[in-house]
Amino acid sequence: MRKKENAIVSTLLLCSGLLLLLGGCSQKQPTYHGTAFTSAARQKSTMRCYTVLGRTYRPTYVKLGQTMEGISSWYGPHFHGKLTSNGERYNMYKKTAAHKTWPMDTMVRVTNLQNGRSTVVRINDRGPFVKGRIIDCSYAAGKELGLDRTGIAKVRLEVVGFAGKVESVEKIAMQKATHTQQRVKLSNFGIQLGAFRHYEGAVRTQQKYAAMFRGQKNYRVRIKTFDDVSGSKLYRVWLMGFVSYEAARDFRRCQGLSGPIVRN
């Protein structure tokens, strides 16, 4: 049974890697800075939406101290030496992991809630694409957590740094207390969701889309006021929080939106 499950996971991971290499939802990609681990080109690819088994995943940004709970699994010898989604060769003896939406090179503390063990991993792959699972740890990380014995376990994830650097517990606590958490910098591109002569219409549209994107904390629905050529007020509703024109365009396509791309 375990061999069959591993074969399924293997196939899904390879499919996701091919989808990312082939371009996700569109051909052009947003601009990101590379890190010591991941090239700029690979960051562009892995931050774009992609589809596996009919389900679309939309990578998003995270901030220091952000958490998530769910089931963790691990992957080992069968993947050793194969390409991960960010272009690295998977090394089962290094502490890395696959996550469906968090950015490459995000440093994550994984705590096994069933035995109290914890370790820090660096995201360098996409997955796992098995229902209910939120992270797939490397063999080395999985062994530290005790997953080599149980196969899966309920875990808690916490963002503790970026690009290989792990921040102290004190710094994370201070930033959370002051709401100044470090995160990948967002720029001022957005998507226009509507334009209205009456403020009430703009408010209704803002509320509608704010509810729709409530779980995606990096996006902000704003009402912008402009004066047209006659001096009358025009209220435009914008969804802001994209790093580039291409990133906003890709998101618009994935969400089925039709408004123009805008910039503050």
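The values are calculated or read from the model by the stated rules, or taken from the named source; none is laboratory data. Computed from a predicted structure; not experimentally measured. Virtual Cβ from ideal backbone geometry, glycine too; neighbours counted across all protein chains shown.
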Problem set entry | Residue list for region 108-160, filter: without any contact (Cβ under 8 Å) to a residue 40 or more places away in the chain, surrounded by fewer than 24 Cβ atoms within 10 Å (Cβ to Cβ) and part of a strand (DSSP E or B) | 118, 119
Exercise. When you go through (1) over 27 Å from residue 46 (Cα atoms); (2) in a strand (DSSP E or B); (3) not aliphatic (A, V, I, L, M) one by one for residue 208, which number turns out not to apply?
Worked result: (2)
Seminar exercise, completed: Of the residues in region 57-86, those that are closer than 16 Å to residue 102 by Cβ, exposed (fewer than 15 other Cβ atoms within 10 Å of the Cβ) and not small (Gly, Ala, Ser) come to 67, 69
Exercise. Does residue 200 satisfy the condition of being outside any loop (DSSP other than H, G, I, E, B) and in contact (Cβ under 8 Å) with a residue 60 or more places away in the chain?
Worked result: no
Exercise. Taking region 80-103 on its own, how many of its residues are closer than 23 Å to residue 176 by Cβ, of a type outside the set (S, T, N, Q) and part of a loop (DSSP other than H, G, I, E, B)?
Worked result: 3
Seminar exercise, completed: Listed by first then second residue, the pairs whose first member lies in region 68-96 and is of a type in the set (S, T, N, Q), whose partner is surrounded by 16 or more Cβ atoms within 10 Å (Cβ to Cβ) and assigned to a loop (DSSP other than H, G, I, E, B), with beta carbons under 7 Å and at least 6 positions apart or on separate chains, are 72/152; 73/128; 73/152; 84/90; 85/126; 86/38; 86/104
Problem set entry | Counted residues, region 233-259 - those being in contact with a Lys or Arg (Cβ under 9 Å, 6 or more places away or on another chain) and closer than 20 Å to residue 204 by Cα | 11
Exercise. Only one of these conditions is not met by residue 175: (1) modelled with pLDDT under 90; (2) farther than 17 Å from residue 62 by Cα; (3) not β-branched (Val, Ile, Thr). Which number is it?
Worked result: (2)
